[in-house]
Structures are given as C-alpha cells and as structure tokens.
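Derivation of every value follows stated rules applied to the coordinates shown; laboratory data play no part. For clarity, every value in this text was computed on a predicted model and none was experimentally measured. Glycine gets a Cβ as well: all are built from the backbone with ideal geometry, and neighbour counts include every protein chain shown.
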Amino acid sequence: MKDIIVLGSTGSIGANTLDVVRRNPHRLRIVGLGAGLNLALLRAQVREFTPASVAIRDTASEWALRQEFPSLTVFSGESGAVDLVRESQAEVVVAATSGMAGLPAVFAAAEQGVRLALANKEALVAAGPLLLEKVRRHGGELVPVDSEHSAIWQALRGWRASDVKRLILTASGGPFLGKPRSLLATQTSNDALRHPTWRMGRKITVDSATLMNKGLEIIEAHHLFNISYEHIEVLVHPESIVHSMVEFIDGSQLAQCSRPDMRIPIQLALSYPERWSGDYVLNNWQNTTWSFHLPDVETFRCLPLAIAAGRAGGSHPIVLNASNELAVDAFLAGRVPFLAIEAIVEEAMSASLPSPPQDVLDVLEVDTWARNQAQAIIRQKAVY
Ligand SMILES: NC(=O)c1ccc[n+]([C@@H]2O[C@H](COP(=O)([O-])OP(=O)(O)OC[C@H]3O[C@@H](n4cnc5c(N)ncnc54)[C@H](OP(=O)(O)O)[C@@H]3O)[C@@H](O)[C@H]2O)c1
C-alpha cells in the first residue's frame, strides 16, 4: 500500500489521479489532498477517499471543513500545502497544482525525500537545477507525469546518456493548428479552450494553443534529462498518439504510444518500478494515420521565445513563466487579445532582468518582479 498526497486534487490531473487511486484500492491510499478554491469538490473527495489531512488555499473554507469532518486535519492559506506535505507521512506526492503557486509545496516534498510525481511544470521551468539538487540531496526521486516526459523517461530506461542522440517532443499543435496570424488575432478564450485531443485545465489549454506549453516542456526536458537544447526537437503530431521519442546514436528511435489519456502516465508515476494493469483506453490502430511535421514558429512565436529563455537560463525562464501566467489570465478574462500573450511575454523578457537566482527565495523574488513588470505591460495593452 502506497500512501499518497495529491496537491491540486480538484483539477484535471488531480481528478485523473484520484481515478487511478479509485481503480487501485489495494495498492494506493490517499493520506492528503490539496486544493485551491473548490470547496464543494474537495468535500466530495474527502468523503470518498477519507484522507487524514487536507490543505485548502481559501482560509474561509477551513471552518466548514472542520465542522463537517471533525477528525480531519485542515491546513489553509498560502502555506497550507507546504504544511500538509511536511506534516503527513506519504511515500508519493503528486504535484498537480497549476502555476508557480505550486512551487513551495513541490520544494517541501523534495525536502521530505519522497517520490515526487511532478505534473506542475512551472516549478521545473523556473527552478529546475535547484529542485533537482534538492531531490538528490534529500534522497528522493522525481518521476515525470507530463505525458511527453513520461514517454522519454520510459524510452531512456536502461540506456546511457552517451547512447542518446536527440529527444523529439511531440506536440498536438492545439486548437489553432494551421491557422494564419490574421485569424489568430480574433480568437476568443472559448476558441482557445477547445483542445482537439486533450481535456486539461484552462491555463495549460491556452498554453497549448500558443505552443508555449511545448516551449515550457523543452525547458523541462533539458533539466530532467540533462540534455542540451540543440538536442531537443519538436514535431507536431495532431493525433496525440506518439507521446514523444528518443533517437539513439545508432539511428534507432524509441517512442511511447497510446490514445491520449493522462491516467496512463499518472499510474506509471505511482506504480513504478512496476506496471499495473489498466484498461483506460482502447489502443486499436486499424485505419488510423499518424502524421508529423515541423512547428510553425513564425505563427506561434511563444515557442521560440521559450527556447530563447531556456538557452539564456538564469532569470529568463522565471520571467517567461511569470509573464506568461499573467498574460494567459488576462486573455482568459477577456482583457487582452490572443496575440497579446506573446507580445506581453516578449516585452517582459526584453527588460533588464534581475540576477540569476541562487536559491528558492531568489526564484520567488524574480517571479514577483516579473509579475509586476507583466502587470504594467498588460495595463497598457488591456481593452478594459
Ligand atoms: N491537465 C493535463 O493534462 C496536464 C498535463 C501535463 C501537465 N500538466 C500540468 O499539471 C498542472 C495542473 O494542471 P491541470 O490541468 O490539472 O490544472 P487545473 O485543472 O487548472 O487544476 C489546478 C489545480 O491547482 C489548484 N490550485 C490552483 N491555484 C492554487 C493555489 N494558489 N493554491 C492551491 N491550489 C491551487 C486548483 O484548485 P481549485 O480548482 O480548487 O481552485 C486545482 O486543484 C499544471 O502545472 C499543468 O501544466 C497538466
């Protein structure tokens, strides 16, 4: 029986993780759940999975949870998730809070020396080397949940770093694949949220529409697999069946394939080094066509912006990530048009950036600085 904490349990990855737990009641036990504002769903999850502790960001909800579940330990506020991770005995922490808000708890989990099943890509993008060092120093392990990184991680099992020629990350292309910039200018948040192959949270779905998501994933892959940016490529694969590939020096390529369903990489992150049965999807390839082509970086400029930030390193990825988060929020709120997202990120990145972070506090300081910059840029571009 593995004891698990799920941070971001009320989100898309959180719900998929709980479904994996539901299907494996003799192997997995929930000891902690972390949520943001969705009290109703968290309540239902507490009733079903009976964790010992929960964290909810909304302090006003703490009392309601205590009233309804007298034996439940409830942490709340900004530091609630960190307290939950520090005070619970878990073997695996699934980090599925969205955005930089998830970073402190990801670091707290790394300090506990547990298995960190990492979905929250923002923590790795903003603080990759610091996070990996923390995991190593405390004797834990980091297992990727993102489908692309899970695919690469699987393909790399048993091979030496010197055997690898390049990593090929696949990208669905998002809902605006093939559209010219003139049409992108008028796309609404409803258009951007209509992803053709994956059902995900709102922020990552917009990142998928701008291709920023693939840029963030390149930075993630660089840190996770310790491979230079020149050896990471992107191929657009609209069917989302090949989740990524590794090319080896002998010319052989290993790919991991399945119909798109996040429960597969989530379950593996929990079951590893075992594989457990799971009838999540029907992988029947008769009469299917799989296509691959290069991304259009002239139309989707967030991808080259992210690669440039990754290559520059230091504070650049933090500023990229923070300005993108605010730009996406502003787009979802209808304050700026779709193409303003890349413009806001580009302008934030062109300022003279703070010095590279030496520790997590520096990362959070640069993040705050970048959010102030981005807010000022958004105010200039906002339609209201
Ligand atoms: N969805 C996917 O298929 C997928 C694939 C790969 C990687 N990822 C990554 O996984 C992470 C989660 O994605 P998602 O799609 O599951 O997002 P989501 O559906 O928007 O869920 C986000 C979760 O984070 C919680 N949350 C947000 N802000 C919080 C805060 N300040 N404090 C505490 N909790 C907070 C939300 O709580 P409430 O809802 O209660 O407010 C919710 O539980 C992201 O980093 C994303 O990039 C997702």
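Loop-located GluC sites (Glu not before Pro) in segment 289-384 (DSSP state not H, G, I, E or B) with no more than 12 neighbouring Cβ atoms inside 10 Å: Glu298.
Summary: within the chain, the longest segment free of trypsin sites (Lys or Arg not before Pro) located in DSSP loops with at most 16 other C-beta atoms within 10 Å is 28-156. Remark on Thr73: its backbone amide H falls under 5 Å from those of Ser53, Val54, a criterion applied only to residues 5 or more positions apart or on other chains, H modelled at 1.01 Å from N.
Can you compute the helix-only [θ] at 222 nm over the chain? Use -39500 (n - 2.57) per DSSP H run of at least 4 residues, normalise by all residues, nearest 500 deg cm²/dmol. The helix-only estimate for the chain comes to -14000 deg cm²/dmol at 222 nm. A convex hull fitted to the Cα coordinates of segment 2-145 yields 90 cubic angstrom per residue.
If you look at the Cα atoms of the chain, you get an Rg and a Dmax of 20.2, 63 Å. Can you tell me what percent of all Cα-Cα pairs in segment 240-384 are more than 27 Å apart? Considering segment 240-384, 48 percent of its Cα-Cα pairs are separated by more than 27 Å.
Annotation note: chymotrypsin sites (Phe, Trp or Tyr not before Pro) in segment 246-310 located in DSSP loop regions with a Cβ neighbour count of at most 15 within 10 Å are Trp276, Trp285, Trp290, Phe292. Start at zero, step by 5 Å, and the Cα-Cα distances of segment 28-96 spread as 4, 19, 34, 28, 13, 3, 0 percent across the bins. When DSSP beta bridges are restricted to pairs lying wholly in the chain, around 25% turn out antiparallel.
Go through Lys2/Lys203; Lys203/Lys381; Lys121/Lys203; Lys134/Lys203 and tell me which ones have a Cα-Cα distance over 22 Å in this structure. Lys2/Lys203; Lys134/Lys203, as the Cα separations exceed 22 Å there. With the Kirkwood sum run over all distinct C-alpha pairs, segment 132-208 has a hydrodynamic radius of 15.7 Å.
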